[in-house]
Structure formats: C-alpha cells, structure tokens
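Okay, structure first, notes after.
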Ligand code: C5P
Ligand code: MG
C-alpha cells in the first residue's frame, strides 16, 4: 500500500495535490475538511457536532475527528492506499492514527508538507473564498484563527514525524504542475 499524509497550512494546496496523487497512484483521497463539510450540509449527527468549530476556523474535538477518520478508512478498505488530506492535525490525532493503522495492518509511506508562507496563504484563501463559497475562507479573522490553530496544534507534528524519519517538505509555491512534479519525485523515492 501507498499511504501518504499531506500536511500543510490551510491554502497550501493539499486538496489540489491530493487529487493529482490520487489519480496518479489510484489512491483513496480522504479530506477531513470535505467530510466535515458534507456532513454539515446534510446535518448529520457528525455534522452537527462539527459545525460551530469549522465555521469559526477552529479544530473539531479530537475524539469526533478520530472516529470519523476510522470510519472513512474502514469504508474504503481494501484499496491501494490512502491520501490523508487534513489529518492528523494534532499530536493526539497522530497517536490515534498509529493505533488505527496498526489495527488495519497499514503503514505510512511518507508525510509530506507543502510549504507556503502566511501572506501568500491569506491571499490564496481570500481568492478561493470568492469561488469556494466557504465561510471560513471569506474573513481575514477566520483565516487568522486557522493559521493560529495550525501553529499551536499542528506544527508540533513536524518534530513528531521527523523523529521517525518520515517527514518531508516540498515547496508549495509555483505552478500547480510544478508542485505536482516535486511531489511525484518524492513519492517515487519512498515507494
Ligand atoms: O482541511 P480543511 O481546511 O478543509 O478543513 C476545514 C476545517 O475542518 C478546519 O478549519 C477545521 O475546522 C476542520 N478540521 C478539523 N480537524 C481536522 C481537519 C479539519 O477540525 N483534522
Ligand atoms: Mg482542503
């Protein structure tokens, strides 16, 4: 199996590149944010739990997110592998993910961060907000909350994964296809 965690700040291009990798390697793309948005739209039990957090740009409580992730994995097995886009976002989520992976006899092939600086991200997100319709893309305040959540809760994962030598970073600045090529090189080297 090829299991990749795509890591990076909001707006760094995780979704776009996950789509590329999914097609290239025939993987299942799990976007935690998309799953939340779908559930919120359908007002499911999960959606109701997540709604207030996502609308404010805050992270949904770990227990809710972890359960959701395991469900997504279970539903899609067997498969050639997964791209995890937006998970894990906390150390707790990373620990729980290890347990889930062990349970399903899976391993992570690589954790790849798309590296983009904050000013460029804010521009990208505000622009995306015009077409995505996402309320959390439309206000500077919510974007700032998301970047702060990332800094406080998600960034510690870089050290966590560096310790087990699974962490890689590629520049997420440039043309989409250039960034895809950077990722392709990297995935080929860990495959
Ligand atoms: O990844 P994306 O930017 O689409 O996520 C949108 C929102 O979903 C986040 O701002 C957060 O509220 C929620 N989320 C979360 N925990 C995750 C992934 C997403 O709380 N692991
Ligand atoms: Mg996304």
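Only the coordinates and a few stated rules stand behind these numbers; no lab work does. These figures come from a predicted structure and were not determined experimentally. Positions of Cβ are backbone-derived with ideal geometry, glycine not excepted, and every protein chain shown enters the neighbour counts.
Quick notes on this structure:
- Considering only 137, 23, 62, the Gaussian network model of the chain with Cα springs below 10 Å gives its largest mean-square fluctuation to 23.
- Contour excess over end-to-end distance, with Cα ends at residue 159 and residue 115 and 0.36 nm allotted per residue: 14.3 nm
- Computed from the Kirkwood radius of its Cα pairs, the Stokes-Einstein diffusion coefficient for the chain at 37 °C and 0.692 mPa s stands at 195 µm²/s.
- Of all the options 85, 115, 95, the one that moves most in a Gaussian network model of the chain with Cα springs shorter than 10 angstrom is 95.
- Ranked list, fewest to most other Cβ atoms within 10 Å of each Cβ, for 128, 140, 146, 89: 140, 128, 89, 146
- Residues of region 39-73 falling in the label zone of residue 104, defined by backbone nitrogen less than 20 Å from a point 7 Å along Cα to beta-carbon, are 39, 46-47, 62-73.
- Rule-of-thumb Rg ratio for region 131-173 [Cα; 2.2 N^0.38 Å; N residues]: 1.53
- Computed over the chain, relative contact order equals 33 percent, with contacts defined as Cα pairs under 8 Å that lie 6+ residues apart.
- Computed Kirkwood radius, in angstrom, where 1/r is averaged over Cα pairs of region 20-97: 13.1 Å
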